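What follows draws every value from the coordinates through simple rules; no lab data is involved. Keep in mind it's a predicted model, so treat the numbers as computed, not measured. No Cβ is skipped: glycine too gets one built from the backbone with ideal geometry, and neighbour counts run over all protein chains shown.
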Amino acid sequence: MTAPSESETFWEDLYRDASPETSGRPSTVLVRYAEKRTPGRALELGCGKGDDAVWLAGRGWTVTAVDVSATVLGFARANAERAGVADRVTFARHDLSQTFPQGEFDMVYAMFLESPVEFGRANALRQAASAVVPGGLLLVATHGSALPWRSGNPDHVFSTADEVLAGMALDMSGWTTVQVGPLTRQATGPEGQTAEVIDNLIVLERR
C-alpha cells in the first residue's frame, strides 16, 4: 500500500477535526461566471465540503468533484444527499500530484486550489485546461489578499493571475480570454464578519 503523500496527510489532519457543516453558499466567482451557461458536464478540483458542486447540480449540471481528503469527501457526499442532488454528483478522491480524473468537460473549475503543502498546482491546472471541450470554460480563482479572520504569514506575497497563468504554460491561441486579473468582492467569515477581499481570476473559453 502506497504511503499517503504530504498533501493527503495535511488535509486529512485538517478535516478530521473539522465540522461537517457547510455554509450552503456557492462561491461568488462560480455564480458570476456559471449561472448563465447552459448546464453540461463540470469538473471541480478541490471540492471541499461540496457547496459549489451541489449548487451546480441543482441547476442541472452533471458534476465530477474531487479532493485529496477522504474525510471531506464524506462531508460533501452528505451535503449532496441532503440537497437531493446526489445522483448528479460523482465525488472521487484524487491526489492531484499523482492522479487526475478522466474525461472531457464543458466547464472545469478550481476555486482557491491552494495549499501550504506543495502538490504541483501548475501541472494540475494545465491538465484541467486540457480537459475542457471546445466552447467550454476554464475557471480558476486564487486568493489575491488575506482573509482577516484567518491566521497566516503577514509577509506572504500572493501570485497575480498573470503569474498563475504563465505557470500553466498554455498555448493561448486556443483560448479566448474572458478575464485574467483581480476581482474585488465582499467576503463573509465564519462568525458573520465581513471584509473586502481580492480574488485573482483566470477565466478562459476554449475555441
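Semi-axis lengths, largest first, of the ellipsoid equivalent to region 2-141 are 22, 19, 12 Å, with √(5λ) applied to each eigenvalue of the Cα gyration tensor. With Cα atoms defining each centre, region 102-132 and region 135-185 are spaced 12 Å apart in the structure. Quick check on region 57-99: take the gyration tensor over C-alpha atoms, sort the square-rooted eigenvalues as a ≥ b ≥ c, and tell me if it's rounded (a/c under 1.5), prolate or oblate. It comes out oblate by the Cα gyration axes.
Centre-to-centre, using Cα atoms only, region 58-98 and region 1-44 are separated by 8 Å. Compared with the alpha-carbon gap, the fully stretched path from Ala166 to Gln193 is longer by 6.3 nm at 0.36 nm per residue.
Computed over the chain, relative contact order equals 17 percent, with contacts defined as Cα pairs under 8 Å that lie 6+ residues apart. Oblate is the label for region 54-136. Its Cα gyration tensor axes, ordered a ≥ b ≥ c, give a/c of at least 1.5 and b/c at or above a/b. Three semi-axes describe the equivalent ellipsoid of region 97-140; taken as square roots of 5 times the Cα gyration tensor eigenvalues and ordered largest first, they are 20, 12, 7 Å. Peptide packing for 12-20, 146-154 was compared via the average number of neighbouring C-beta atoms within 10 Å per residue; ordered from the highest value, the list is 12-20, 146-154.
Expressed to the nearest 5 percent, the antiparallel share of DSSP beta bridges inside the chain is 50 percent. Rounded to the nearest 500, the helix-only mean residue ellipticity at 222 nm of the chain stands at -8000 deg cm²/dmol, with each DSSP H run of n ≥ 4 adding -39,500 (n - 2.57).
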